[in-house]
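The values are calculated or read from the model by the stated rules, or taken from the named source; none is laboratory data. Remember, it's a predicted structure, so these values are computed and weren't measured experimentally. Cβ atoms come from the backbone with ideal geometry, glycine included; neighbour counts cover every protein chain shown. The protein model used for the area step is the full one, side chains on, heavy atoms only, and it has no ligands, DNA or RNA in it. Shrake-Rupley method; radii C 1.70, N 1.55, O 1.52, S 1.80 Å.
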2 protein chains.
Amino acid sequence: MFKIRHALSVTREADFAAWYQAVIAEADLAEESGVRGCMVIKPWGYGIWERIQRLLDDRIKAAGHENCYFPIFIPLANFEREASHVDGFAKEMAVVTHHRLIAGENGGLIPDPEAKLEEPLIVRPTSETIFGDAMARWIQSWRDLPLKLNQWANVVRWEMRTRMFLRTSEFLWQEGHTAHADEAEAKEHTLRMLEVYRACAEEDLALPVIAGEKPEHERFPGAVETWSIEAMMQDGKALQAGTSHYLGTNFSEAAGIQYQDREGQQTFCHTTSWGVSTRMVGGVIMTHGDDDGLRVPPAIAPHQVVILPMLRDKPEDDALLAYCEELRASLAGKSVLGEPLRVLLDKRHGKAAAKRWDWVRKGAPLIIEVGGRDMENGVVSLLRRDGLWDAESGKPAFQTPSKESAAGEIPAMLEDMQRSMLGEARDRREAAITRGVTEFSELERIYGGDAKHPGWTEVQWSKPTGEALEKVVERLKALKLTARNAPMDAEPANGSCIFTGEPAVERILIARAY
Amino acid sequence: MFKIRHALSVTREADFAAWYQAVIAEADLAEESGVRGCMVIKPWGYGIWERIQRLLDDRIKAAGHENCYFPIFIPLANFEREASHVDGFAKEMAVVTHHRLIAGENGGLIPDPEAKLEEPLIVRPTSETIFGDAMARWIQSWRDLPLKLNQWANVVRWEMRTRMFLRTSEFLWQEGHTAHADEAEAKEHTLRMLEVYRACAEEDLALPVIAGEKPEHERFPGAVETWSIEAMMQDGKALQAGTSHYLGTNFSEAAGIQYQDREGQQTFCHTTSWGVSTRMVGGVIMTHGDDDGLRVPPAIAPHQVVILPMLRDKPEDDALLAYCEELRASLAGKSVLGEPLRVLLDKRHGKAAAKRWDWVRKGAPLIIEVGGRDMENGVVSLLRRDGLWDAESGKPAFQTPSKESAAGEIPAMLEDMQRSMLGEARDRREAAITRGVTEFSELERIYGGDAKHPGWTEVQWSKPTGEALEKVVERLKALKLTARNAPMDAEPANGSCIFTGEPAVERILIARAY
Ligand SMILES: [Zn+2]
Ligand SMILES: [Zn+2]
């Protein structure tokens, strides 16, 4: 047994937060931009986001939505209308006050005092109010319902402490906005989109999630119900990976979204909104990354297979490239997970070993090295990113199938990897959820002690509201815990509330969270 | 002969500007948002933009670029660095000065004076300077070149007079940014991307364009050369539909984008940038629209075929829907212009005639109506949007092929329509360009008279610079004219400059423009 020399200089176990930053840097995913709280998403990171976008967009369209685009600026007055909404957002927004710069006294540029806006504009933190204005114009009769819209956009929420992908002042997301004739249909749609998110997270990102309703104090500002999908990261913390809100008639009443029903009555619509963001990429990193960098699930990998010819800047390179190109063309004609296989022949200059480790750190699912000897033997050297090391030798676990059999086997290999990454993450999560905890003291024991990754706990509670809820929140906060959601698939409650001792009404998940 | 009753209430001939607004409204493309200078892009308009994006993105990636994402906010200091760049942009930018709102004295919200930014942030009008900062970090050696990046993003340029799609304060675009080792490679790349734009405009949008270099005074702020593609609208005016800039070392020197060359010397990169925007959609409208609304070229039509069952809310509807669904499924399996055919079976409630005219105004390429009698006869009623009227009867020119032959013939019909829309627009443009004009007085005659749509003029000039150029610009401005570009495919100059009388060095196009 040899000791494996991992590709990153920091391990998950040693320092999870530092490891996360190291993966982002070493896998070339993103970097600080120099603009406060904003990041630059680099090509490999953006390529993963583009894949998520494409797959989720297909799902959103299949659920009957149409894409559109609304202005980035929202008038101040929109925020003044819906009281709980402005309370939730007013504290962290970018405010545009001028529309021109002029030369200042010391040679620099300053906002032109003559070009001050009469009413400041807000850079959208979310777009319920401006979609609401349009819905009020577009909806007249029951025939116009449901109205199902979505947009892909950037949004800004001024954040004091930022962390790449997880919490940045600007981020990219999709936001769906729908209007319905009644509560039942709107609630059903809220859950339908939650299910779309669950399917995308699990099937596309190999990210196991638990879908459920957020407790009252975690609701979106202005929502009647907020539902989420929660994923467990490798450090046992929770990541809220997507939310779907039933907004009741709160935004309809504020914006005047009404329709004439079949009886001729003017009636307020019931609306929903739901979004997932580039935060998902952070979830992929913290779920699938290892001590050698990122591992990208095949469904969202910009390149699923990377072919690395071991070039020597000699005449023999031509034959080697031709051999690799045959393999590339053969793979490009295959289908994986219902789409054409994505293969890159990486002809860049540079040492083969350096390029191999680049792609290992980036997490390309399959890396194929081809040297002169491979070509002579009609084989390729194949490395699965999810089985990188030979435990016995401590070396990379290369397989050497023939070129033809490699081309034939790779699609199934990728599909297997997609499945097994989900399974691995799900097993890890299930092992890290403690169920059946009935005493608060047990929570104190689990989370107050030395356990590094105490995971999640499922408890029963009486779903307190108002001040009683505030007390629960405080007690959890003392242990750095939050209530994540009440899983929709959980067994019915059958005991007492761990906080109040009253009869429990549902089960909820307790965790530390991002 | 009957008089045709067109679907719009205003014709191109009567009032082109009013007609343009009418098409946008009646085809449900976009509308004013209520936010100054910003529009809401509605699903059908956004669907066209999504198609343009998809096709152009494929072309940009095929040319070796990778997508990424940079912050929407640019620090003021970036604009202070490159003098001509700031001169060009500083007058029309949205300035963020605060990051929080608080309750004001009269109950409303105001920017929190305590949350004033130390340095204002600019909402990006374009991203050369912030890409430049990253390129300076990312490029060390000749091995890192060329660096070829692209982003799809929203940008803001504060505009006093706005016009939907053509000039809005916020618009959507892609901006490419590349860095190269030397001038020759950067200039070659500038032209390569111009050619990508030409191909996209002509092959995808059926928009004939003339590619050429902009005169000095029309250069992008900070550019050494600016090239454009120019399209002629149906009123004879020019629309700049895309630009590609060779930036020399201006931005490299400002941001410090240097590399170590093969000899170990530190050398400044030569950079390029290039962009096309939602303005393209305005070009499609003014090129292909007619007095019945929009006509969308099949390659960029969200739905290429729309099937309208003539439903009667009766039990017979089921059989009719099944008949239509068979046609839909058969069409969905076909390929058109290298992609799966896009077909919609529109089952919405509403009168068949109203729905037909909706789709006529939206410009769906083929509309298929199916009534009970069609079904009995095994046929469909097919309407080509590019041949809407039977001139003899003044009625819609329905064809009634059998359902099977319709499915077979439609792909070729759509491809024919794509070709003929380009040909039609090109013929119209060529007929409206006056060539061989050698005297300025002739320009005065052409553009000073009563001609409603005087079109473009090709003249020869000595390519004056500085003050001599300013005089030319003034003389043209008096006739409401601008120099568009010097077409790269034009014959060499062989005469005298129409402005200065000196020997001409190139031919340029003169036109009124959007
Ligand atoms: Zn609330
Ligand atoms: Zn300039």
Quick one: with all protein chains in place, what share of the accessible area of the range B:298-417 is carbon or sulfur, to the nearest percent (1.4 Å probe)? 51
Using every alpha carbon pair in the range B:341-411, what percent of pairs falls into each 10 Å bin from 0 up to the bin containing the largest distance? 18, 53, 29, 1
Put a dot 7 Å past each Cα toward the Cβ at A:Thr438 and A:Phe398; how far apart are the dots in nm? 5.9
With all protein chains modelled, accessible area of A:Leu414 [1.4 Å, Å²]: 0
Under the Kirkwood approximation for Rh and a Cα-based Rg, what ratio Rg/Rh is obtained for the range A:204-360? 1.23
For the range B:37-282, diffusion coefficient by Stokes-Einstein and Kirkwood Rh (Cα), 25 °C, 0.890 mPa s, µm²/s: 127
Between B:Thr457, B:Ala27, B:Ala493, whose Cα lies farthest towards the positive end of the dipole of chain B when Lys and Arg beta carbons carry +1 and Asp and Glu beta carbons carry -1, centred on the Cα centre? B:Ala27
For chain B, calculated [θ]222 nm from helices alone, where every DSSP H run of n ≥ 4 adds -39500 (n - 2.57): -10500 deg cm²/dmol
Share of pairwise Cα separations in the protein assembly as shown, more than 46 Å, in percent: 36
Do the alpha carbons of any pairs in B:Lys237/B:Lys351; A:Lys91/B:Lys42; B:Lys91/B:Lys477 sit beyond 27 Å of each other, and which pairs? B:Lys237/B:Lys351; A:Lys91/B:Lys42
Taking every alpha carbon pair in the range B:273-364, what does the distance histogram look like in 10 angstrom bins from 0, in percent? 14, 36, 32, 13, 3, 1
In Å³ and rounded to a whole number, note down the convex hull volume per residue for the Cα atoms of the range A:32-159. 160
Over the range A:351-461, average the accessible area per residue using a 1.4 Å probe and give it in Å², no decimals. 45
Calculate the tail of P(r) for the range B:370-457: the fraction of all Cα-Cα distances greater than 18 Å, expressed in %. 65
Excluding ligands, DNA and RNA, what is the accessible area buried between chains A and B, summed over both sides, using a 1.4 Å probe, to the nearest 100 Å²? 5200
Could you work out the per residue convex hull volume over the alpha carbons of the range A:433-511, in cubic angstrom? 80
Taking the range A:299-437, the whole-percent share of alpha-carbon pairs separated by over 22 angstrom is 41
Among the residues of the range A:73-97, which ones have their accessible area go down by 10 Å² or more when all the protein chains sit together, as opposed to their chain alone (1.4 Å probe)? A:Phe73, A:Pro75, A:Leu76, A:Glu80, A:Val86, A:Ala90, A:Lys91, A:Met93, A:Ala94, A:Val95, A:Val96, A:Thr97
Cα extents of chain B along the three principal axes, largest first, in whole Å? 79, 63, 59
For B:Arg426, solvent-accessible area (1.4 Å; no DNA, RNA or ligand), Å²: 80
Per residue accessible area of the range A:202-308, 1.4 Å probe, in Å²: 23
Between the range B:138-176 and the range A:64-80, what is the C-alpha centre distance in whole Å? 22
Surpassing 31 Å at the alpha-carbon level, of the pairs A:Lys61/A:Lys403; A:Lys214/B:Lys355; B:Lys347/B:Lys395, are A:Lys61/A:Lys403; A:Lys214/B:Lys355
Give the carbon-plus-sulfur fraction of the accessible surface of the range B:18-91 in %, rounded to a whole number; probe 1.4 Å, heavy atoms of protein chains only. 49
